[in-house]
Each structure stands twice: as C-alpha cells, then as structure tokens.
Amino acid sequence: MQRTIIEAEFLLSGLSLESKVRFAKISQSDFNAILKLYEGVMSYACHGLFFREGEALADSIMEVCSKNPDLLECSKKLLIARGWLEDVSFNDKEVRVKGSIEVTEGSEKPTCHRLRGLLSRIMEAHAKTSIRLVEVECRSNGGKECVFKQEMD
Ligand SMILES: [Zn+2]
C-alpha cells in the first residue's frame, strides 16, 4: 500500500523514490469518529474547518501535478492512490465521486467536507478562477454517489 502510493507520486511528479515522503493511514471509521467528535464539540461549524483542511491538503497535490499537462487526470490518480476516493469524473458542471472515504452511511446530511475542499481547490487551479463547490448529493444521506456542484451566490 505504502509502496503503491509512493510509486504513483513518483510517476506523476518525477520526484525521486528516495525522497522521504511518508503517509499516515486513517480508516473510514476513523474519519467517522473524528466527524462525530467535532460535531459534538462545535456542531456543524466544524464542516467549514474540514473544508479548509481539504483545501490545504490540495496544496501537495497541486505541487505533485504542477508540471503535469493534465491537471485533472493527475489529481484523479493521486486522489485514488492516496485513498480519498475510488473514482472521480470532472466536467464543467459537476464533479462526481464514487467511494469517498468520508462517507458515513445513515447520516442526515452530506459528510464529504474535506473532499469538497480538495475538489474545489483542484477545480480552481484547473479553471484559473475562484470556485467553491457544494455537495448536492452524498452517499451518506442516500445519494447514489457524491456529486459536487459550483456554489451559486
Ligand atoms: Zn459524500
């Protein structure tokens, strides 16, 4: 697993396999427990923080993919290799995700807050304009898959 991630990073960035990049593994149930912990402390206000966390996590993806001519394809490979999701498709109107690690089935609301931040930042870099996605459909509260659309103000 660790080897697979490092190899994907290497293939996409050209960075040396000897570079000391390390990853921690967090399970889907760990994500669920952290969500419950934060919601218990600060209610839904934590969702904005998770979103910001996702934006910050996108920076290292941007770094790896900065020299890749296909930012979206490179980001997709990294998101899969890093375990955030099983599949993602990007188009102008929406981003569709299968197998988000942040899914907690039986929730009342969408739960993929970090992923929303990650995808917002990736779409921003791709479109070269400010983009903030909202999760309009989520596996957690009965959706077929997780669907993110650009927030309209
Ligand atoms: Zn979701």
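What follows draws every value from the coordinates through simple rules; no lab data is involved. Given the structure is predicted, the values throughout are model-derived calculations rather than measurements. Cβ sites come from the backbone with ideal geometry, for glycine too, and all protein chains shown count toward neighbours.
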task = Count the net charge of all other residues whose Cβ sits under 14 Å from the Cβ of CYS46, scoring Lys and Arg as +1 and Asp and Glu as -1.
result = +2
query = Given the C-alpha centroids of region 84-127 and region 31-63, what is the distance between them in whole angstrom?
reply = 13
query = GLU86 to LYS67: extension gain in nm, 0.36 nm per residue of separation minus the Cα-Cα distance?
reply = 4.4 nm
query = Which Cys in the chain stand alone, with every other cysteine's Cβ at 4.7 Å or more from theirs?
reply = CYS46, CYS112, CYS138, CYS146
inquiry  = Take the residue pairs LYS67/LYS144; LYS67/LYS149; LYS109/LYS144; LYS25/LYS149 and return only those whose Cα atoms are more than 25 Å apart.
reply    = LYS67/LYS144; LYS67/LYS149; LYS25/LYS149
task = Could you please report the charge total around LEU79, scoring K, R as +1 and D, E as -1 over all other residues with beta-carbon less than 10 angstrom from its beta-carbon?
result = +1
Sorted by Cβ neighbour density within 10 Å, fewest at the top, the residues ARG52, ARG82 = ARG52, ARG82
task = With a Förster radius of 30 Å, plug the Cβ-Cβ distance of HIS126 and ASP30 into 1/(1 + (r/R0)^6) and report the FRET value to the nearest 0.05.
result = 0.50
ask   = Where does each of LYS25, LYS149 land when they are ranked from fewest to most other beta-carbon atoms within 10 angstrom?
value = LYS25, LYS149
inquiry  = Which one, CYS138, SER107, GLY54, is farthest towards the positive end of the dipole of the chain when Lys and Arg carry +1 and Asp and Glu -1 on their Cβ?
reply    = GLY54
task = Enumerate the residues in region 130-152 having an amide nitrogen under 16 Å from the point lying 7 Å beyond the Cα of GLU105 toward its Cβ.
result = 138-146
message = Using the crude model of +1 on Lys and Arg Cβ and -1 on Asp and Glu Cβ, and no other charge, please compute the dipole size for region 2-150 relative to its Cα centre, in debye to 20.
response = 80
task = Show that you can apply the helix-only estimate: for the chain, add -39,500 (n - 2.57) for every DSSP H stretch of four or more residues, divide by all residues, and state [θ] at 222 nm to the nearest 500.
result = -15500 deg cm²/dmol
request  = Please arrange LEU49, LEU37, LEU12 by counting, for each residue, the other beta carbons lying within 10 Å of its beta carbon, fewest first.
outcome  = LEU37, LEU49, LEU12
remark   = Sorted largest first, the C-alpha extents of the chain along its principal axes in whole angstrom are 43, 32, 26
